[in-house]
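Taking it in order: structure first as structure tokens, then the write-up.
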């Protein structure tokens, strides 16, 4: 993105919520003191404005075009889900929970629905952490062994969970539960639409929640992930 030192921090965050992560990295208040320029904030914090601007300019331009994941080999898809989407969920959870706590503390009196949103998200975060470990420690290693055996034409040893369909059904049930929970978050947040009195932190939190939900359908339930050969 094209960013200059004399741009107003709050305006940048309102235009692109992803910039909030950069300002947070450097301890720059993008909310209550968001009416300052990047240069002024950097002078006050005694940090290198060139580096801050460089980090802002390094932000990717947005979502890439859709990829046909159904055409990918199962082991490659498992690697992609684990390395990209599991790591995204972990990072986004650590980013969202403090933001939710802050807006609940500041705005919860006027917007009690924020407390419910926070409860639902924290529940989702906990369940997804367990879910992803199940995939990484049980399902994905078996999928990789299965693909390797098929390519080599060698027999595949028995799995400790019986048919691979057993953990797959468990994973799919988890997906449904968290999808339903996020429907409640979407409803409580009026479709992730911040109210008129929302501060920049409020705006960023709702944008991150929306992004989090949009990541879930792919990262946790691509059809190809569950398309395994018969008999396994």
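Between the beta carbons of residue 130 and residue 58, assuming R0 = 30 Å, the FRET efficiency works out to 0.35 to the nearest 0.05. With a simple spin-label model that places each label point 7 Å from the Cα along the Cα-to-Cβ direction, the separation between residue 50 and residue 123 comes to 5.1 nm.
For the pair residue 76 and residue 144 in one chain, pulling the backbone fully straight at 0.36 nm per residue adds 23.6 nm over the alpha carbon distance. Using the Cβ-Cβ distance between residue 172 and residue 15 with R0 set to 35 Å, the FRET efficiency from 1/(1 + (r/R0)^6) comes to roughly 0.40.
Since every read-out is calculated from the coordinates, none of them should be taken as a lab result. Here the structure is a predicted model, which means the values were calculated and not measured. No Cβ is skipped: glycine too gets one built from the backbone with ideal geometry, and neighbour counts run over all protein chains shown.
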